[in-house]
Amino acid sequence: MVRELQQGENPADIENVGPVRYYPRQGFPGYFYPFENSEGYLSPLVAVHFVRPVRGIIINIECKAWARNIHHDRKERIGSVHFELMID
């Protein structure tokens, strides 16, 4: 199974992001991989619900995919994606 983990990038972000819910659940089955570009293939999708993020500030979010063959390097942004969340 491949797991996707979302979290704030630093302690303030982790505190401000609040509770998080994953749909349909945190992670998805490994049968989606490896991607073979076959006809009819559907990419996996995980929706993330930020339940009560602090409003009015920028929250740095880092999402990572975890599997044996995924390497991580925060500096090079390998194995993760970064985005910023701000709710007025």
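The values are calculated or read from the model by the stated rules, or taken from the named source; none is laboratory data. Computed from a predicted structure; not experimentally measured. Note that we place each Cβ from the backbone using ideal geometry, even for glycine, and neighbour counts take in every protein chain shown. Accessible surface areas use protein heavy atoms only, side chains included; no ligands, DNA or RNA. Shrake-Rupley method; radii C 1.70, N 1.55, O 1.52, S 1.80 Å.
So how much slack lies between TRP66 and ILE87, counting 0.36 nm per residue of separation and subtracting their Cα-Cα distance, in nm?
4.8 nm
Run the 1.4 Å probe and let me know the accessible area of LEU85, rounded to the nearest 10 Å².
30 Å²
Using r as the Cβ-Cβ distance of SER38 and ILE78, and R0 as 25 Å, what FRET efficiency do you calculate, to the nearest 0.05?
0.45
About the Cα centre, and with charges only on the beta carbon of Lys, Arg (+1) and Asp, Glu (-1), how big is the dipole of the stretch 3-87? Nearest 20 debye, please.
Its charge dipole is roughly 260 debye.
When the chain is fully extended, how far beyond the present Cα-Cα distance does ARG52 get from GLU15, taking 0.36 nm per residue of separation?
Fully extending the segment from ARG52 to GLU15 adds 12.2 nm.
Rounded to whole Å, give me the distance from the Cα center of the stretch 8-25 to that of the stretch 48-88.
Between the Cα centres of the stretch 8-25 and the stretch 48-88 lies a distance of 9 Å.
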